[in-house]
Every structure is written in C-alpha cells, then in structure tokens.
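First up is the structure itself, then whatever we jot down about it.
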Amino acid sequence: MVDAPVKIPQEWLEEFEAAAQRTLEQRMKYAFIKTYKPVLDDEPVRLFDTMEDYRRWCEENLPDWLGYGRV
Amino acid sequence: MAAFEYRQAEEIRDAFNRHGCRYLFIGKSGAILLGFPDTTQDADLFVEKSPENGRSLVAALREIGFVFSGAVAAEIERGKDFVQLKNGPFDLDLIFAPDGIERFSDAWERRVEVEGFTVCSLDDIIASKLASHRQKDLESLPRLESFRVYWRGKGK
C-alpha cells in the first residue's frame, strides 16, 4: 500500500516560505520560548537509566496538560 | 531562566567541537535549525553514548557553565539514556537513546549540517517523535510532515 501524498495546507506553506527568508538567528529568536513547567522545572538535574524510566516518570509525576504522557 | 538563544547554540557547537563531543540536535529544536517555523521550550541533543564521548560531553558542558557534582558527572560519563539539565545557563535535554532511532552512528550518517550545527535528519526527527507516542509529539507530526514535503521540494 502506498501512503497518500501529504498536501501542505496553504497557511503552513506561507509560514514555511516566510521562515525560509529569515536568518537562523531570527528563526531561533521567534522559535524558543520559556514558560514555567510545574514539577519538570523544579529540579536542577534528573538522570534516567532508560527512556522507559523517563517516560514512566513523566506519566506518574507531570500534569496531563503538559502533554508528556503517552497516548 | 530566559529562552534558549542562537548565541547559546553557538556555545554548544563551539565547546562540543573543541572537546570532540559527537552530538546532534534532535526534536523540535533540531527541526527549527533546519528551518521549521514553530515554537518550543527545549533544546534537545542526541549524544553518542560512549565513555570517551561522555567525558568530552561533561568537559564541554562545564566549559559552557553547567555545574555538576562529581557523582553526577560520573553518572553522565558512565551512560544514561536521558538527562535533563536545568543547572546551567539554559535548559538542556541530553538524549542518548531516542525512541525510533537504532544507533547514533546511523543518525550521524544521515545528519544535516547547518552553520556548523550538526542536526538529525528530518526523517529521524519525525521517526523519534512518532515512536515516543507522546501526546505533544504526535500533535506536532502533521505540521512536521508537511515541512518535510516542503523541505524536500527545495532539494534539501
């Protein structure tokens, strides 16, 4: 079975074209934002032996609305 | 803590190169380096998992301004799958075994270089988001896949 080709929505296409006109420095300035994330931002360092440990920790400790849970 | 800046990405690039640390920008931060217009809070690095690269990584991060105890440094050098750092000049996630990518060496072969930054291919970025099964990653996939079509159309 062959996947249907992805059609780019016009609004996104215009955004991609606009971004292509910007320098990398400008793109990064617009892209990176910082807001406080509860729990996640409250420890200076976290280390996980496995990705599974990390995913499980996120599901058990972070608010659902942050979107770190698996679906 | 302010948002991650271009200047800080340059510090990563330059310090990691000085110390010979092999890394790739991954996740949405990697896609942004490739031209993807979107927002994110995190800078994510896929780092080769080896004792030598771990030592280079710790040295480079200390040079940039991250502060580790000897125990934490030793753990990073010994090898973890995921490390989240909020103890430096910017927040940084270090991923040593991203979902959906078999080996660092494979991703390295497929890498894209942008202004000296080493970045995972869009295929690998999309594969890792798909394999994570996380809500926030799956929500970003349609736009990322559209960007891949656009990007390929530009001969990238």
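So the values come out like this:
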read-out	value
Residue within segment A:61-71 that is outside any helix (DSSP H, G or I), at pLDDT below 95 and of a type in the set (Val, Ile, Thr) present	yes
Neighbours by Cβ (under 6 Å, 6+ apart or cross-chain): first from segment A:47-71, more than 19 Å from B:Glu75 (Cβ to Cβ); second at pLDDT below 95 and of a type in the set (Asp, Glu)	A:Gly69/A:Glu59
Extreme residue, nearest to A:Trp12 (Cα to Cα), among residues of segment B:1-58 that are more than 11 Å from the chain's Cα centre (by Cα) and of a type in the set (Ser, Thr, Tyr)	B:Thr39
Test: residue in segment B:117-134 that is at the interface with chain A (Cβ under 9 Å from one of its Cβ atoms), of a type outside the set (S, T, N, Q) and within 28 Å of B:Ala15 (Cβ to Cβ)	yes
Residue ID - surrounded by the most Cβ atoms within 10 Å (Cβ to Cβ), chosen from residues in segment B:41-57 that are farther than 11 Å from B:Gly27 by Cβ and acidic (Asp, Glu)	B:Glu48
Count of segment A:1-34 residues which are more than 7 Å from chain B (Cβ to nearest Cβ), under 21 Å from B:Gly30 (Cβ atoms) and not in a helix (DSSP H, G or I)	3
Test for B:Leu61: is it in a strand (DSSP E or B) and in contact (Cβ under 8 Å) with a residue 12 or more places away in the chain	no
Every residue from segment A:59-71 that is surrounded by 13 or more Cβ atoms within 10 Å (Cβ to Cβ) and at the interface with chain B (Cβ under 8 Å from one of its Cβ atoms)	A:Leu66, A:Gly67, A:Tyr68, A:Gly69, A:Arg70
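The values are calculated or read from the model by the stated rules, or taken from the named source; none is laboratory data. These figures come from a predicted structure and were not determined experimentally. Cβ sites come from the backbone with ideal geometry, for glycine too, and all protein chains shown count toward neighbours.
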